[in-house]
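Undergrad: Here it is, the structure, as structure tokens.
The values are calculated or read from the model by the stated rules, or taken from the named source; none is laboratory data. All figures in this text were calculated on a predicted structure; none of them were measured in a lab. Virtual Cβ from ideal backbone geometry, glycine too; neighbours counted across all protein chains shown. For the accessible areas, the whole protein counts, side chains as well, though only heavy atoms, and no ligand, DNA or RNA atoms are used. Shrake-Rupley method; radii C 1.70, N 1.55, O 1.52, S 1.80 Å.
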Amino acid sequence: MRIKVINISLSDDGTQHAELDNFLSTHRVLEIEQHFYSNANATGWSFCIHYINSSVSVNSSLGKVDYKEVLSEKEFGIFSKLREIRKRLAAKEAVQAYMVFTDEELANIARLPQLEVGKLISIKGIGDKKVEKYGKPMLQMYHEMFQNSATQ
């Protein structure tokens, strides 16, 4: 994953907007953070764009990310286990798996230094209701999975 920062001042003549539009249309964007800034020199918006390096496999026709290339080996192992658990939770609730958590949300969960319920809320797309309904059971099942494999 790579990061690009683009600032657009309030006095922009359209050039900075065009740069942002061009960048967004030519890259696989994972997340955008925006912040308003004001200092002695300028006032405007700063955009921090998290995107996938062009060498990472993206199925452009479907817009799918190859998470095996995006995540570290350890993170991908966690991601795979979380996908298995998500599948079980979705079957139990009779909903599509992406309605429980998207692959992007699972990848961000896998990147957390510690898998804790309190940390889930920091991930874009995951709110209190989703944490309560799916996050707690998912992490409980995840931790039980490792406790069972450690005792065998």
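Undergrad: Out of Ala90, Ala110, I need the residue that is touching a Phe, Trp or Tyr at 6+ places or on another chain (Cβ under 7 Å), among the small types (Gly, Ala, Ser) and at pLDDT 90 or above. Which one?
TA: When all the criteria are applied, what remains is Ala110.
Undergrad: Given the residues Ser72, Ser149, Ser54, Ser46, which is the only one that is open to solvent by 40 Å² or more (accessible area, probe 1.4 Å) and at pLDDT 85 or above? First the steps, then the outcome.
TA: Details: Ser149 fails: at pLDDT 85 or above; Ser54 fails: at pLDDT 85 or above; Ser46 fails: open to solvent by 40 Å² or more (accessible area, probe 1.4 Å).
Of Ser72, Ser149, Ser54, Ser46, the one residue that is open to solvent by 40 Å² or more (accessible area, probe 1.4 Å) and at pLDDT 85 or above is Ser72.
Undergrad: While we're looking at this one, here's another question. Residue check: is Gln114 loosely packed, with under 13 Cβ neighbours inside 10 Å and within 23 Å of Leu30 (Cα to Cα)?
TA: For Gln114, the condition - loosely packed, with under 13 Cβ neighbours inside 10 Å and within 23 Å of Leu30 (Cα to Cα) - is met.
Undergrad: Out of region 85-96, which residues are closer than 16 Å to Lys136 by Cα and surrounded by 12 or more Cβ atoms within 10 Å (Cβ to Cβ)?
TA: Within region 85-96, Ile85, Arg86, Lys87, Arg88, Leu89, Ala90, Glu93 meet the criteria.
Undergrad: If we keep just the residues of region 1-49 that are in a strand (DSSP E or B) and among the aliphatic types (A, V, I, L, M), which is nearest to Glu104 (Cα to Cα)?
TA: Among those residues, the one meeting the criterion is Leu30.
Undergrad: Still on this structure, please answer the following. Only one residue in Tyr142, Tyr134 is modelled with pLDDT of 90 or more and under 25 Å from Val70 (Cβ atoms). Which one?
TA: Working: Tyr142 fails: modelled with pLDDT of 90 or more.
Only one candidate passes the filter, namely Tyr134.
Undergrad: Next question, about the same structure. Mind checking which pairs have a first residue in region 3-31 that is under 11 Å from Tyr51 (Cα atoms) and a second that is open to solvent by 40 Å² or more (accessible area, probe 1.4 Å) and among the β-branched types (Val, Ile, Thr), Cβ under 7 Å, 6 or more apart or different chains?
TA: Arg28/Val58
Undergrad: Of all residues in region 5-18, count the ones that are surrounded by 15 or more Cβ atoms within 10 Å (Cβ to Cβ) and among the charged types (D, E, K, R).
TA: Counting residues in region 5-18 that are surrounded by 15 or more Cβ atoms within 10 Å (Cβ to Cβ) and among the charged types (D, E, K, R) gives 1.
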